[in-house]
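Colleague: Submitted below is the structure of interest, expressed as structure tokens.
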Amino acid sequence: MYGYQDTLFEVLGKKVAKWSEAEKHGSIVIDEMTIIPGVGFERSTLQHVGMTNLGKYTSHSTKEEIADHALVVMFQPFQGKWHQSLGCFLSKGNVKGDTLAKLILEGITLSEDAGLRVDAVICDGARWNKNMWEEFGITETSPSCVFGNATAKGIQWYREKKQVSQLQNSQATQAFIERIDRLAHAMNSGGPKGALWDGSEEEKQFFGNIRRMAAPNPHPDAKLFAQLYRLLSVYSLVSPPKGSNVSGVSNVEALVNAKDTAGEEISERQEEFNRILDEILEYEQFPLPVQEEHNYDKSTTEKYLINFMAGFTCHRQKKIAKNCQECLKTLTKDREDTTNVDSWTLMKEIHGGYSIPSDALVSLIKAVEFAVCDTMSTSDVHQDMIFTSLKFLKIDVSCFVGCLDHTHDVTKALVKYYLFTRMFFAADMKNAEMARKKERNEQFAKQSKL
Ligand SMILES: [Zn+2]
């Protein structure tokens, strides 16, 4: 979803191939909007969302930062009132100039490869953008478009010294930029200073659309923004340019026939998740050596909470084993089992109508809970949090539930169910924490005004 998607450029290439040369020329437009910071867990993609995401430019130090800005890169042709979003990025604060410069270079290269002709780059003159222009060697005293010789040299440097793969065949782009640079110099001499810094109507319209669709809230959160962006992006991809003889239907066909790289990525993640989990369940069906006691102070998880969660999980997941009476027996404890009267009374109080979980189920939930607690004590919520949790997951023979025939499947299903639940909780907890912090800051600001 974030970064530049191969699928989009593939479809765009097919669309552009049918255009006249004049229709292919236009500008790359960059703009950003603030979004409400918030995180969520996406079950389908097995990832937490809402953190900084600059595609492949996301750095290790920023991946736990909650994003509050969305940046969109668009192509806007000189002819017609039409635009195509090319990529979308999330960041905390403004994207730094050097990263922005790389994003733009990549956007130009991908667009040119798709057959578009990028003649200018447009963004507003805010300070962060000026930093970016400085990366390109353009200063306020010599306003020019992005096609300066510095850019051409930059492309060459990235291609030859850094071996950036997208720039492998960028000689033509480089030559093109050098040519445009000469043209720009000719055009700019005597032209209005800073003429190329104006924001465009189309870009305002794009964000205007997002704001209108997000109403009544003028600022969407990351999840809503992603949905709206995807919608508008696909819409502009399938809608034909004004006056074009290309039908929207053929664009839809191209989109449907395009290799679904995003979909492939998702199923790869799910396969990887299942493979790791299978491995954990496969190789640890024997007792683990006596482990050091987990430090309960490390997290707020109390023993009764684990029992409660096990009971809840059991209650919700009985359907997993509904076809096998033997499996069911391994999930619950007989209510008449009063070997430990105190614990039984407590459980009855806590669980109400819920079933009382078996010892094995309690051990299993405890194992998963500890893995989640270990994850949370070593890192903040991040995109691959569920995979980090798997790294901490240790399951031994006492944790296995299900009858002999179904033990792997039933145990695995319960681990997944509980882990997913915890991932949703982790996102909710993070959001609650941010809300508390915001409230405290607001109170503090109010008090300091008095
Ligand atoms: Zn069974």
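Read the figures in this text as sums done on the coordinates, not as results from a lab. The shown structure was predicted, so the numbers you read here are calculated from the model rather than taken from an experiment. Neighbour counts run over all protein chains shown; Cβ positions are idealised from the backbone, glycine included.
Colleague: Separation between the H408 and T7 pseudo-spin-labels, each 7 Å from Cα along Cα→Cβ, expressed in nm?
Modeller: 3.2 nm
Colleague: Going by how many other beta carbons lie within 10 Å of each one, how would you line up T313, T330, fewest first?
Modeller: T330, T313
Colleague: Starting from the Cα of R43, step 7 Å along the direction of its Cβ; do the same at D384; then give the gap between the two resulting points in nm.
Modeller: Modelled inter-label distance: 2.4 nm.
Colleague: Gain in length, K449 to D113, computed as 0.36 nm per residue apart minus the alpha-carbon separation, to one decimal in nm?
Modeller: 115.4 nm
Colleague: Once fully extended, how much extra length lies between F420 and N441, figured as 0.36 nm per residue of separation less the alpha-carbon to alpha-carbon distance?
Modeller: So the chain would gain 4.4 nm between F420 and N441.
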